[in-house]
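Peer 1: Following this message is one structure expressed as structure tokens.
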2 protein chains.
Amino acid sequence: MRKNTTFAVFGAGNLGLAQAGHLAVQGFGVSLCNRSAKRLQPIIQNDNRIELSGSLSGSGRLQLVTTNYAEAIAGRDLIIITSAAPGHRVITRDILPVLRPNQALLLHPAYMFGAIEVRQLLADSGVQDILIGELSNTVFACRANGAQVHIFAIKKNIGIAYLPTGVDNRAIETFKIIYRDYIECYDTVLETGLLDLNYMLHPFINMMNAGLIDRMEPFDYYHCGVTPHISNVIEAADRERTAICHALGIRGYSAIDLMKRHYPHQVEKSTSFYEATASNVAYKGIASPDHLYTRNIWEDIPYGIMPIISLGKALEIETPVMQAIYELCRAAFGNDWREEARTLDNLGLIGLDAAGLLRYAQTGL
Amino acid sequence: MRKNTTFAVFGAGNLGLAQAGHLAVQGFGVSLCNRSAKRLQPIIQNDNRIELSGSLSGSGRLQLVTTNYAEAIAGRDLIIITSAAPGHRVITRDILPVLRPNQALLLHPAYMFGAIEVRQLLADSGVQDILIGELSNTVFACRANGAQVHIFAIKKNIGIAYLPTGVDNRAIETFKIIYRDYIECYDTVLETGLLDLNYMLHPFINMMNAGLIDRMEPFDYYHCGVTPHISNVIEAADRERTAICHALGIRGYSAIDLMKRHYPHQVEKSTSFYEATASNVAYKGIASPDHLYTRNIWEDIPYGIMPIISLGKALEIETPVMQAIYELCRAAFGNDWREEARTLDNLGLIGLDAAGLLRYAQTGL
């Protein structure tokens, strides 16, 4: 691990502040960049410092806090993008002109096909030699308030993979060493995409509690929002996801497996997804959203559910429950996300079989 | 109208008691039959009387209250079946041996393909000459407690049709005269089946409030259970139903049309289904179920949603939202209802086009 590795963190939401703050606490040089200046103000007013509490603590001073993309990445070894999934392509297009060949990107987290989409955007502009890493989920469960970030939990066994595979990158190796207790190497970005717990839960919790959320009656999002019948539906959708993993010949952790792997100290019971969720103390007190069309829909449907449905079609695996939640959302919100979604069609990957998809996930070619 | 017309009412639930009580109050001879003796006890203890209050009032004395099917129908002109839809075939099989050619049946209400299924059961046993009527919905919105029945509302413009069409029946004509202010003649039993509001609402309200119902937290079923986004989904499913009506060339009342027709004095606003529901005073105070797998699922899915999906397939009309609610229920309850559902497949009607289906709904042949 080289202490002189430098990082740029994009996105000043809960996760971005936790990520930037924690790297700074460790003594690394960090810049923080956000499209809107408003979210950066509390950090600037706090002398560029982020204060961590909870599972991690300390005060980390950032080298630079800016809305200027070029300044933020100048000379940085690793650019960590913590935005919501629709931001990946926006940020990539913005930083394209100023990226340098020795820099690497890390999508934290990637959702489905994150690195693949970013690599295609780079390739379309003639940039071929940027390594793109991605994480299967967020390392931190956290909530920010101004410059204060409370870390509820650091998850375990979050998957990391790169596109292309087999290329060494000093900065990503440093990241892996920093987070060695929390991350696990996956073989390809198909695994980091497919082994994400979030999009398997959120749309179902939102839509099967739609009445309550629409009426703005708050509830404990996971502990009250996942009831036995809702858990049945999530498990049925999850079997569709793991069937796709098996068809691709990649690891096929179930949602219960993933929850136990990510929260080994928090999950007590796990004979059903309902029990695992109810026993997960890290979920305690996480509030329901105050409206229905949150990122749990506009991120999880086009960047999680729809890509998986398209994979199912390519591999001839039926995905009726995923299709059901998609159709329910389409009807509820009047949006089909057809142009935006990271489907195989939109990525130009129609016609590839399992072997072809795996090869593409290794090479990006 | 002949005052000497006699009725047998099957089913001693809310609706059956309202139906039997109201006919008795009008001075008709009525028998009441129920499989279980328990529900009949309060009536017997009340000297065979049913007491109506609310929109209708009076005390009606029944001629016979019994669990014996043969006794209940002996000499009765019209046999009104008020059971849940799965009861139609059970009751039909039970009364088959004692039915007489001059008797008629009325399914109150029918759900999809009710008369068609009953006619097939009769025909399979060589009984061809029984006229079967059906209603598109329940005439009474009511709640029974012992021998007391409170009528919240009498609906308007409930559709009635017969199989086969074009056959006169004195008892059904009498029924139509008694309820002339509340019912409307439809052309065929395809219309009474397809123009039912209930199955278009209940599964969506249940499943999109699943968290709350699973946690046994009561809410006002219609007024709180139909929120703007849930209404969007119901309207999207409803467009699939009306597209099928149009493909069949039959009247295609929307859910909003039906609510306005059934509750002309109760519904105030109706620019959206949400507004119509929220303004319908007849829905006020109707409680949510205390568990999720109620007849709003086990009746509405196999006797409403699944038959419509099968009609859509036959007519090449897409029904993705109906399919979505079906798949969600299948995943939640682990039941696919394949053997039980009144689908075209199970009714042996695969291969008929719109004209063929209409002809079958007129003739049963």
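All of the numbers you see were taken from the coordinates with simple rules; none came from a lab. Small disclaimer: the values here were computed from a predicted structure and weren't measured. Cβ atoms come from the backbone with ideal geometry, glycine included; neighbour counts cover every protein chain shown.
Peer 1: If you draw the axis that swings chain B onto chain A, which residue of B has its Cβ closest to it, and how far is that in whole Å?
Peer 2: B:Ala324, 2
Peer 1: Sticking with this one: Compute the label zone of A:Ala355 within the stretch A:235-279: residues whose backbone N is under 18 Å from the point 7 Å along Cα-to-Cβ.
Peer 2: Hits in the stretch A:235-279 for A:Ala355 at 18 Å: A:246-250.
Peer 1: A:Lys38 to B:Arg100: FRET efficiency via 1/(1 + (r/R0)^6), r the Cβ-Cβ distance, R0 60 Å, to the nearest 0.05?
Peer 2: On the way: r = 81 Å, r/R0 = 1.36.
Computed FRET efficiency for A:Lys38 and B:Arg100: 0.15.
Peer 1: Could you tell me the center-to-center distance, by alpha carbons, between the stretch A:331-352 and the stretch B:125-155 in angstrom?
Peer 2: 47
Peer 1: Follow-up. Given contacts defined as C-alpha pairs under 8 Å and at least six residues apart, what's the relative contact order of the stretch B:292-350, whole-number percent? Before the final figure, lay out the partial values.
Peer 2: Working: 38 pairs, mean separation 27.5, N = 59.
Value for the stretch B:292-350: 47 percent.
Peer 1: Okay, moving on. Which of B:Val90, B:Val321, B:Val118 moves most in a GNM of chain B, Cα contacts under 10 Å?
Peer 2: Most flexible of the set in this elastic network: B:Val90.
Peer 1: Among the GluC sites (Glu not before Pro) in the stretch B:308-364, which ones are in a DSSP loop with at most 14 other Cβ atoms within 10 Å of the Cβ? Mind listing them? Intermediate values should be presented prior to the final figure.
Peer 2: Details: sites: B:Glu316, B:Glu318, B:Glu327, B:Glu339, B:Glu340; in loops: B:Glu316, B:Glu318, B:Glu339, B:Glu340.
In loop regions of the stretch B:308-364 (DSSP not H, G, I, E or B), the sparsely surrounded GluC sites (Glu not before Pro) are B:Glu316, B:Glu318, B:Glu339.
Peer 1: Is the shape of the stretch B:198-363 best called rounded, prolate or oblate, per the rule: a/c under 1.5 gives rounded, else a/b larger than b/c gives prolate, else oblate, with a ≥ b ≥ c the square roots of the Cα gyration tensor eigenvalues? Each step should come with its number before you reach the end.
Peer 2: On the way: a/c = 2.27, a/b = 1.33, b/c = 1.71.
Oblate is the answer for the stretch B:198-363, as a/c is 1.5 or above yet b/c matches or exceeds a/b.
Peer 1: Moving to a separate point now. Between A:Arg338 and B:Arg61, how high is the FRET efficiency from 1/(1 + (r/R0)^6) when r is the Cβ-Cβ distance and R₀ = 45 Å? Nearest 0.05. List each step's numbers first, then the result.
Peer 2: Numbers: r = 64 Å, r/R0 = 1.43.
Using R0 = 45 Å, I get an efficiency of 0.10.
Peer 1: Restricting to DSSP loop positions (anything but H, G, I, E, B) with no more than 13 other Cβ atoms inside 10 Å of their own Cβ, which trypsin sites (Lys or Arg not before Pro) remain in the stretch A:258-365? Walk me through the intermediate numbers first.
Peer 2: On the way: sites: A:Lys260, A:Arg261, A:Lys269, A:Lys284, A:Arg295, A:Lys313, A:Arg330, A:Arg338, A:Arg342, A:Arg359; in loops: A:Lys269, A:Lys284, A:Arg338, A:Arg342.
Answer in residue order: A:Lys269, A:Lys284, A:Arg338.
Peer 1: Would you mind checking B:Lys3/B:Lys155; A:Lys260/A:Lys313; B:Lys155/B:Lys260; A:Lys3/A:Lys155; B:Lys3/B:Lys176 for any pair whose Cα atoms are more than 18 angstrom apart?
Peer 2: Numbers: B:Lys3/B:Lys155 24 Å; A:Lys260/A:Lys313 29 Å; B:Lys155/B:Lys260 10 Å; A:Lys3/A:Lys155 24 Å; B:Lys3/B:Lys176 13 Å.
Flagged as over cut-off: B:Lys3/B:Lys155; A:Lys260/A:Lys313; A:Lys3/A:Lys155.
Peer 1: Also, quick follow-up: Once both labels are modelled 7 Å past Cα along the beta-carbon direction, what's the A:Arg295-A:Gln26 spacing in nm?
Peer 2: Spacing of the two 7 Å Cα→Cβ label points: 2.1 nm.
Peer 1: Okay, moving on. Starting from the Cα gyration tensor of chain A, take the square roots of the eigenvalues, sort them a ≥ b ≥ c, and report rounded, prolate or oblate (rounded when a/c is under 1.5, otherwise prolate if a/b is larger than b/c, else oblate). Before the final figure, lay out the partial values.
Peer 2: Working: a/c = 1.56, a/b = 1.17, b/c = 1.33.
Verdict is oblate for chain A.
Peer 1: A follow-up question, please. Treating the point 7 Å from Cα along Cα-beta-carbon as the label, what are the nm separations from A:Asn4 to the other copies, to one decimal?
Peer 2: Its label point is 11.3 nm from the equivalent points in the other copies.
Peer 1: Output the relative contact order of chain A, whole-number percent, from Cα pairs under 8 angstrom with separation of 6+ residues. Provide the component values of the computation, followed by the final result.
Peer 2: On the way: 713 pairs, mean separation 54.8, N = 365.
That works out to 15 percent.
Peer 1: Now for a different question. On average, how many beta carbons from a partner chain sit within 10 Å of the beta carbon of a residue in A:232-238? Please report the intermediate quantities before stating the final value.
Peer 2: Working: counts 7, 9, 2, 1, 6, 3, 0.
For this peptide, the per-residue mean of nearby foreign Cβ atoms is 4.
Peer 1: Which FRET efficiency, nearest 0.05, do B:Val281 and B:Asp47 yield, Cβ-Cβ r, R0 35 Å?
Peer 2: Details: r = 34 Å, r/R0 = 0.98.
With a Förster radius of 35 Å, E is 0.55.
Peer 1: Extension gain B:Gln148-B:Ala84, at 0.36 nm per residue separation less the Cα-Cα distance, in nm?
Peer 2: Working: separation 64, 0.36 × 64 = 23.04 nm, distance 2.05 nm.
Gain in length upon complete extension: 21.0 nm.
Peer 1: At 7 angstrom along the Cα-to-beta-carbon line, where would the label on A:Pro86 sit relative to the other copies? Give the distances in nm, shortest first.
Peer 2: Spacings between copies for this position, smallest first, are 4.4 nm.
Peer 1: Would you kindly work out, in nm and rounded to one decimal, the distances from the label point of A:Asp290 to those of the same position in each other copy, ordered shortest first, with label points 7 Å along Cα-to-Cβ?
Peer 2: A:Asp290 label point versus its equivalents elsewhere: 3.5 nm.
Peer 1: To continue, here is another question. Just check the stretch A:30-185 against the gyration tensor rule for me: Cα atoms, a ≥ b ≥ c as the square roots of the eigenvalues, rounded for a/c under 1.5, and otherwise prolate or oblate depending on whether a/b exceeds b/c. Could the numbers behind the result be given before it?
Peer 2: Working: a/c = 1.84, a/b = 1.26, b/c = 1.46.
Judged from the Cα gyration tensor, the stretch A:30-185 comes out oblate (a/c at least 1.5, b/c at or above a/b).
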